[in-house]
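The values are calculated or read from the model by the stated rules, or taken from the named source; none is laboratory data. For clarity, every value in this text was computed on a predicted model and none was experimentally measured. Note: accessible area is taken over every heavy atom of the protein model, side chains too, but ligands, DNA and RNA are not part of it. Shrake-Rupley method; radii C 1.70, N 1.55, O 1.52, S 1.80 Å.
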Amino acid sequence: MGTEAVAKDLLAGTMAGAAQLLVGHPFDTIKVKLQSQPRPSPGELPKYSGAMDAVKKTLVSEGPKGLFKGMGAPLATVAVSNAVLFAARGQMEALLRGEESPPGSRLSASQQVIAGAGAGFAVSFVACPTELVKCKLQAQSALAGATVAAATAGGRGAQAGTLLSQAQYSGPLDVARQVLRSEGGVLGLFKGLTPTLLREVPGNAAMFGVYEAVRQMLAGGKDISNLGKGSQILAGGVAGAAFWLSVYPTDVIKSVIQVDDYHNPKYGGTMDAFRKVYAAEGVKGLFRGFTPAMARSIPANAACFLAYELVRESLG
């Protein structure tokens, strides 16, 4: 794959990621709040009873900007993350075509599954630190509120104030600074890498495979040159839904590990987190935040793929 084609994929992927982020981030914020809220004590209600309750309480306590909390980190790195994803997929496509096939020839849906898996592996190493910062910012209000309630109930009001202050971050750079200083250095930024890989590799395999399958189905064959923008949007939305349907529990595990207390961890690793979440809440616990995730996936990924195709087409 030539450097010109890589550069085009990098630029198109950057624009695709920006479109996806702007459309989908509020849904993602609610998803993480639901995933990371502590399990209530017996007889107590959870902080958020569901997605709409989380939206209302976020708007009341933080205003509309609360729905975009944590967007600075992914927005700052969206160029890298999505550029890596789409450029890696492009290189995988070139590898799967082989030297005998003409450049730009269409791959089958099954080949796109392989290309998506390779792209997912590559992007995991960019997504993990970005999402760690994002999740810590999105979850801190729920976690800090629970800390205060628990400490006050135990007659430790002064300690509650201390714990609350430790839970607060002023922004993405502050999260990164605190992690680098007191949560394992550079390796601390890659906390949750295993579940990130378990999400990104099969998730992107499903997403890109389904995207190509839906496009070819709508076009009636491999020639999709006359496919309309509405069909592209539909294919992108279905592909995004396929991503989350295939890997959602691993995203829950990634979130709880990334927001876990570094100095007093609740989870010993990916499998330990899976066992504990399942033991405490059953299958329902592995699908916390599923509704806003699915609500986000369709418009956000539709915007992502449409932006990518439009930019890539304009670049030739």
Between their Cα atoms, which of 8/229; 56/229; 8/31 are more than 27 Å away from each other?
56/229; 8/31
To the nearest 10 degrees, how steeply does helix 109-153 sit against the main Cα axis of the chain, on a 0 to 90 scale?
20 degrees
Could you do me a favour and compute the accessible area per residue for segment 1-71, 1.4 Å probe, result in Å²?
51 Å²
Whole-percent tail of the Cα-Cα distance distribution for segment 35-88, cut at 19 Å, equals 52 percent
Mind pulling the angle between the C-alpha long axis of helix 157-167 and the longest principal axis of the chain? Nearest 10 degrees, somewhere in 0 to 90.
20 degrees
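First compute the accessible area of the chain with a 1.4 Å probe, then give the percent of it belonging to carbon and sulfur atoms.
Carbon and sulfur atoms account for 65 percent of the accessible area of the chain.
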Using only the Cα atoms of segment 230-316, what semi-axes does the equivalent ellipsoid have when each is the square root of 5 times a gyration tensor eigenvalue? Give whole Å, largest first.
34, 15, 9
How much accessible surface does residue 180 have with a 1.4 Å probe, in Å² rounded to 10?
80 Å²
Please compute one quarter of the surface area of the Cα convex hull for the chain and express it in square nanometres.
16.9 nm²
Sum of -39500 (n - 2.57) over DSSP H runs of 4+, divided by residues of the chain (222 nm, nearest 500):
-26000 deg cm²/dmol
Mind checking the per residue accessible area of segment 191-316 for me, 1.4 Å probe, whole number of Å²?
43 Å²
Percent of all Cα-Cα pairs per 5 Å bin for segment 171-316, counting from 0 up to the last occupied bin, reads 2, 9, 15, 16, 14, 13, 12, 8, 6, 4, 1, 0
For segment 180-240, what is the convex hull volume of its Cα atoms per residue in Å³?
109 Å³
